[in-house]
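The values are calculated or read from the model by the stated rules, or taken from the named source; none is laboratory data. The structure displayed is predicted, hence computed values, not measured ones. Every residue, glycine as well, gets a Cβ built from its backbone with ideal geometry; the counts of neighbours run over all protein chains shown.
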Amino acid sequence: MRARGEGWKMIFEKPIIGLDDIAKKTGVAVSTVSRALRDLPGIHPKTRMKVLREAELLGYHSRRQKNAPAKQAPGHILILTVGEEIPSQYMAGLSRASLELNISLHFHHAAHDTCQDLLLPRYLPLCLREEIISGIILIYRWPEKIVDKISRRFPTVSIVHTYPETPLDVLGIDHTGGLFSLVKHLKSTGHRQIGFLGLDPSVSWSRSRFSGYLEALLAMDLPIHADQSIQFSLETWKEETGQMTDLVLKGLEKGIRGWICADDFIGYELCSELLRRGVRIPEDIALAGFHRHPHVYHGTLPLLTSTEVDGELLGFNALRQLSHRISHPKDFPRLILMPAAFRQGQTTIPSPVDPKKNHLQKTNS
């Protein structure tokens, strides 16, 4: 017979939920569940959210959760964007992270011609005026003076853009790795002379991509000449499309048949103008861009060979890093790089298949 009260316990007490129960529901390993619940690094945000959501639905509570004091959330965070684009991928990642961290987000958008006046009374965001925020995330390029002033008062994280004169955390892109993959691809398809289009010394990511391009040429024993790089302002580049196309065609006369553009916007503009002038792509000139973007619509143009960055993950990790910075204000500034994966398009000839790799693929299949 059951002891008195045992039946009531079985009816009213909730069953004990273990890590294996969450693992079965989510389809991931128990070790992954454990790391996600302990907030350890090395887990994709989507997997972490999936585990946390299932743990909550099952009513899982670890001993640490029961005994530990409640976490102090960073509270209110200001997201500053500038320019014409809506950073939808970054926003999606920031929103997911804010739910996980229990953070309220405040958004303020500024035009290019007013961003330098952000701290004037007329343009000052209300949350800055009321001083209710704990930190700031910068999206796109802000004036150095503005960044310097706000980062002195608030923990600040920048997405993609670096500010060498201002020590702050940056969630950036592995420009070197991305450029290495593009140069390697063009070399594998027979290009010995490869040009770079879109160097703007005033823009940090343009400088970084150009540096990555030069490093890749050196690593692959490819020639470097002054006429292989074309420099112009990224603020007025659309007005210079005709001129930059003329320079690319002059490079073609010197044997430069492969070009890497600083970003996909420039790549598609150049592609359109070259096709209009009767140049065949990729037969006459092979083109590559950098950082496929959700706002780039190529229409009837061939899909650009480029690199792809997980923008949502960039936003997600930016807010997590800001939360860490608020809790650890004396840590050294961090530069965290997200990979830029190679993506084959229609503007370059596909790389030849490595016989060894092809053999392995057939064996494994």
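Examine the range 198-210 for a residue that is farther than 30 Å from Asp113 by Cα and out of contact with any Asp or Glu (no Cβ under 8 Å at 6 or more places or on another chain), and state whether such a residue exists.
First, the residues of the range 198-210 that are farther than 30 Å from Asp113 by Cα: none.
No - not one qualifying residue is present in the range 198-210.
With respect to Leu217, is the statement that it is part of a helix (DSSP H, G or I), surrounded by 14 or more Cβ atoms within 10 Å (Cβ to Cβ) and touching a residue at least 40 places away in the same chain (Cβ under 8 Å) true?
Values: part of a helix (DSSP H, G or I): yes; surrounded by 14 or more Cβ atoms within 10 Å (Cβ to Cβ): yes; touching a residue at least 40 places away in the same chain (Cβ under 8 Å): no.
Taking the combined requirement at face value, the residue does not satisfy it.
Looking at the range 318-331, is at least one residue assigned to a loop (DSSP other than H, G, I, E, B), within 25 Å of the chain's Cα centre (by Cα), at pLDDT below 95 and not assigned by TED's automatic domain parsing to the domain that holds Gly135?
Here is the first cut: in the range 318-331, the ones assigned to a loop (DSSP other than H, G, I, E, B) are 328-331.
Subset that is within 25 Å of the chain's Cα centre (by Cα): 328-329, 331.
Still in the running and at pLDDT below 95: 328-329, 331.
Those still in the list that are not assigned by TED's automatic domain parsing to the domain that holds Gly135 too: none.
The answer is no, given that none of the residues of the range 318-331 is assigned to a loop (DSSP other than H, G, I, E, B), within 25 Å of the chain's Cα centre (by Cα), at pLDDT below 95 and not assigned by TED's automatic domain parsing to the domain that holds Gly135.
So which residues in the range 245-288 are small (Gly, Ala, Ser) and not in a loop (DSSP other than H, G, I, E, B)?
Step one: list which residues in the range 245-288 are small (Gly, Ala, Ser), which gives 251, 255, 258, 262, 267, 272, 278, 286, 288.
If the condition is that a residue be small (Gly, Ala, Ser) and not in a loop (DSSP other than H, G, I, E, B), then Gly251, Gly258, Gly267, Ser272, Ala286, Ala288 are the ones that fit.
Collect the residues in the range 90-106 that are under 15 Å from Lys46 (Cβ atoms) and surrounded by fewer than 19 Cβ atoms within 10 Å (Cβ to Cβ), keeping them in residue-number order.
Scanning the range 90-106 gives Ala92, Ser95, Leu99, Glu100.
For Glu235, are the conditions met, namely being farther than 23 Å from Ser351 by Cα and either in a helix (DSSP H, G or I) or among the aromatic types (Phe, Trp, Tyr) (or both)?
Here the answer is no, as Glu235 does not meet what is asked.
Among the residues of the range 187-210, count how many are under 13 Å from Phe290 (Cβ atoms) and hydroxyl-bearing (Ser, Thr, Tyr).
The qualifying residues number 2.
Please specify each residue of the range 117-147 satisfying the condition of being in contact (Cβ under 8 Å) with a residue 60 or more places away in the chain, among the basic types (Lys, Arg) and either in contact with a helix residue (DSSP H, G or I) (Cβ under 6 Å, 6 or more places away or on another chain) or surrounded by fewer than 20 Cβ atoms within 10 Å (Cβ to Cβ) (or both).
none
Of all strands (runs of 3 or more DSSP E) completely enclosed by the range 116-201, which ones contain at least 3 residues that are aliphatic (A, V, I, L, M)? If you could, list the steps in order and put the result at the bottom.
Values: elements: 135-139, 156-159, 169-173, 194-199.
So the answer is 135-139, 169-173, 194-199.
Please report, ordered by residue number, the helices (runs of 4 or more DSSP H) entirely within the range 13-84 with at least 3 residues that are modelled with pLDDT of 80 or more and exposed (fewer than 15 other Cβ atoms within 10 Å of the Cβ). Please lay out each step first, then the result.
On the way: elements: 19-26, 30-37, 45-58, 63-67.
Here the list is empty.
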